[in-house]
Amino acid sequence: MTDRSDVVIIGGGQSGLATAHAARTMGLTAVVLEAAGSAAGSWPHYYDSLTLFSPARRSSLPGRPFPGDPDGYPVRDEVVAYLTGYAAALDADIRTGHRVDRVAATGSGGYEVTTADGTAALHAPMVVAATGAFSSPYRPDLPGLESFTGTVLHSADYRRPEPFTGRRVVIVGGGNSAVQIAIELAAAGSRVTLATRHPLRFMPQRVLGRDTHIWLQRTGLDTAGWARPLLTGGKGTPVMDTGTYRATIATGNPDRRPMLTRLDGDHVEWSDGTRERVEVLLLATGYRPGVEYLTGLDGALDAEGRPRHHGGVSPACPGLGFVGLEWQRSFASATLRGVGADARHVLGRLREQSGHVRAAAERARR
């Protein structure tokens, strides 16, 4: 099957849906290709108790407010329901079960997008990689990891605490997910340590009675490039906290320790030279963008396989854009509330590029 459209959007999660909405408002025909069986992105695969650190009123995609208490903090299943409902109401050409294998440049200045099963080949002058920043779990090469005889899993594989009750768990990482999981495991009867390179860094969830995200938007810090060091400055990933997380960690379970030195069989060696038997190693070490389908496009990715872009627009591949990357244009770029603005920006820039390419091609034919 061969299709033509104005833009092919790869990924049907929050980033892809926001991009499809932007395409409709601009009068562009779009096809959304989603590898999974439903348009909800990575959300169905996160742990059961995951809770957003932004309130519902600041967690919406364009054109559809998040339902429920606007000052409440939605959990995973509420986000999944919201996204699937958003996709159903969008009236867009969303094709689930279509995993993209390759994006190739064509001689006419556009792109051909092929799926892994070879059943679809789509052509378009514009392609948006909207598989986001959370599609490929990152597993660091810890010293001795290959020798560890206990259970090793990434936070992407964690669902609920019951299988780990009573077990000794070390979590590598100190971000929001790491802290949420650590506290949940400790409450369920596990002995838990957060191993981090730097002390945990807490940010207040609310300031003067209002959520921090509201202040970020009102002050303009959300999108100010100069504010990035302020928001991510210091050492360690900021953890949004009402005070509960800090107080719980102060009790000693979970506790926080400097990064482990190495793993050896079923033992962990700590920086102070002590050794301890550990049953479970959980890597809450984040994700990398899953954009392997772009490896055939010269200049689309850097040497480490990460997207090369300026504000979500490829400097090397006209018509190629990205939506959903962390700090793509703002603090909120990889969040529900941030992808809409980035999608509009990227599609607007790509449409300009496409017009220039067509004009140049017409001049060349004269």
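Can you tell me how many residues in the stretch 117-150 are more than 27 Å from G41 (Cβ to Cβ) and either touching a residue at least 40 places away in the same chain (Cβ under 8 Å) or crowded, with 20+ Cβ neighbours inside 10 Å (or both)?
8
Consider G299 carefully, then state whether it is more than 30 Å from P163 (Cα to Cα), out of contact with any strand residue (DSSP E or B) (no Cβ under 6 Å at 6 or more places or on another chain) and modelled with pLDDT of 95 or more.
Here the answer is yes, as G299 does meet what is asked.
Could you list all residues from the stretch 57-78 that are open to solvent by 50 Å² or more (accessible area, probe 1.4 Å) and in a loop (DSSP other than H, G, I, E, B)?
Hits for the stretch 57-78 are G63, P65, P67, G68, D69, P70, D71, Y73.
Would you confirm whether or not the stretch 79-96 contains a residue that is in contact with a Phe, Trp or Tyr (Cβ under 9 Å, 6 or more places away or on another chain), open to solvent by less than 60 Å² (accessible area, probe 1.4 Å), within 22 Å of V239 (Cα to Cα) and at pLDDT 95 or above?
Yes; the residues of the stretch 79-96 include at least one that is in contact with a Phe, Trp or Tyr (Cβ under 9 Å, 6 or more places away or on another chain), open to solvent by less than 60 Å² (accessible area, probe 1.4 Å), within 22 Å of V239 (Cα to Cα) and at pLDDT 95 or above.
Mind counting the residues in the stretch 117-146 that are part of a helix (DSSP H, G or I) and either under 23 Å from L350 (Cβ atoms) or in contact with a strand residue (DSSP E or B) (Cβ under 6 Å, 6 or more places away or on another chain) (or both)?
Qualifying residue count, the stretch 117-146: 1.
Filter the stretch 289-343 down to the residues that are open to solvent by 10 Å² or more (accessible area, probe 1.4 Å), in contact with a Pro (Cβ under 7 Å, 6 or more places away or on another chain) and touching a residue at least 40 places away in the same chain (Cβ under 8 Å), then identify the one that is farthest from F134 (Cα to Cα).
Here the residue is P307.
I'd like the residue in the stretch 40-56 that is free of Cβ contacts under 8 Å to residues at least 60 places away in the same chain and not in a loop (DSSP other than H, G, I, E, B) and, out of all such residues, is least open to solvent (accessible area, probe 1.4 Å).
If we take residues in the stretch 40-56 being free of Cβ contacts under 8 Å to residues at least 60 places away in the same chain and not in a loop (DSSP other than H, G, I, E, B), then A56 is least open to solvent (accessible area, probe 1.4 Å).
Just the residues that are more than 18 Å from A36 (Cα to Cα), outside any strand (DSSP E or B) and touching a residue at least 40 places away in the same chain (Cβ under 8 Å), please, taken from the stretch 151-171.
Correct list: S155, Y158, R159, R160, F164, R167.
Conditions: (1) surrounded by fewer than 16 Cβ atoms within 10 Å (Cβ to Cβ); (2) without any contact (Cβ under 8 Å) to a residue 40 or more places away in the chain; (3) of a type outside the set (A, V, I, L, M, F, W, C). G37 meets all but one. Number of the miss?
So G37 meets the others, but not (2).
When residues of the stretch 97-113 are filtered for being surrounded by 15 or more Cβ atoms within 10 Å (Cβ to Cβ) and either out of contact with any Phe, Trp or Tyr (no Cβ under 9 Å at 6 or more places or on another chain) or assigned to a helix (DSSP H, G or I) (or both), how many remain?
5
Could you tell me whether P199 is more than 26 Å from P289 (Cα to Cα), under 25 Å from the mean Cα position of the chain (by Cα) and not in a strand (DSSP E or B)?
So P199 passes the test.
The values are calculated or read from the model by the stated rules, or taken from the named source; none is laboratory data. What you see is a predicted model, and the numbers here were worked out from it, not measured in a lab. Positions of Cβ are backbone-derived with ideal geometry, glycine not excepted, and every protein chain shown enters the neighbour counts. For the accessible areas, the whole protein counts, side chains as well, though only heavy atoms, and no ligand, DNA or RNA atoms are used. Shrake-Rupley method; radii C 1.70, N 1.55, O 1.52, S 1.80 Å.
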